[in-house]
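The next block holds one structure in the form of structure tokens; read it before the comments.
What follows is calculated from the coordinates using simple rules that are stated; it is not laboratory data. The model shown is predicted, which means the values in this text are computed figures rather than measured ones. Ideal geometry is used to build each Cβ from the backbone, glycine not excepted, and the neighbour counts take in all protein chains shown.
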Amino acid sequence: MYADRLPTAVRQLLTDLFVVLWIYCWIRAGLWVHDLVEKLGVPGRKVQEAGTAIAGNLGDIGGKVGRVPLVGDELTSPFSRAADAANGLAEAGRQQQEIVADLALAVSLLIVAAPLALVLFGWLPLRLRWMRRAAVAARVRNDPAGRDLLALRALASRPLNELTRLGPDIAQSWRNGDAAAVDALAALELRELGLKPAKAR
């Protein structure tokens, strides 16, 4: 998970903690925005409650008026139409709440998606790549053939100024199988990965 060398390990640990904090903060921001947008549904809820209450009251009144002899049915009709209109108002309030809830979910997901994408497609692949490389390097660093592979990797990937610090003929020394040159190159590659050098032969 972490390097052998303290400066690299501390840097990795701080980066990992920052990423966890970054994710947490964006999730909290998404939840805050979700709650904020959902407050737009309060008027819809009040409209629904008012419409339902009015429809219920009109239905009760219509029922009572309907019991009036002879003219009860005629008097009930306006109350029934008004109750239907109130039910329509309540339905509109319910639909508004659904739209606001969908909007709140979509906005909060959009807010969280971009930072999570940065982590998943930026930081995480680099972290996993380092872990794979470091695991292989740690496994082979004490084997002669493994040190030779690490030395070859250093020759192929390290900048020229780092290689020339090991000596002007470091490549020739490696080709000749010079153990000191191989160890120096392997140590250079291991240091780049934040790992301690191989045990002395």
Which of Ala106, Asn57, Tyr24, positive extreme of dipole for the chain (C-beta unit charges): Tyr24
To the nearest 20 Debye, how big is the dipole of the chain about its Cα centre, given +1 on the beta carbon of each Lys and Arg and -1 on that of each Asp and Glu? 1260
For segment 31-41, in order, what is each residue's ³J(HN,Hα) by Karplus, 6.51 cos²θ - 1.76 cosθ + 1.60 with θ = phi - 60°, in whole Hz (x at glycine and Pro)? 5, 5, 5, 4, 5, 5, 5, 5, 5, 5, x
Between the Cα axis of helix 72-118 and the main Cα principal axis of the chain, the angle (0 to 90°, nearest 10) is 10
Distances longer than 20 Å among the Cα atoms of the chain: what percent of all pairs is that? 73
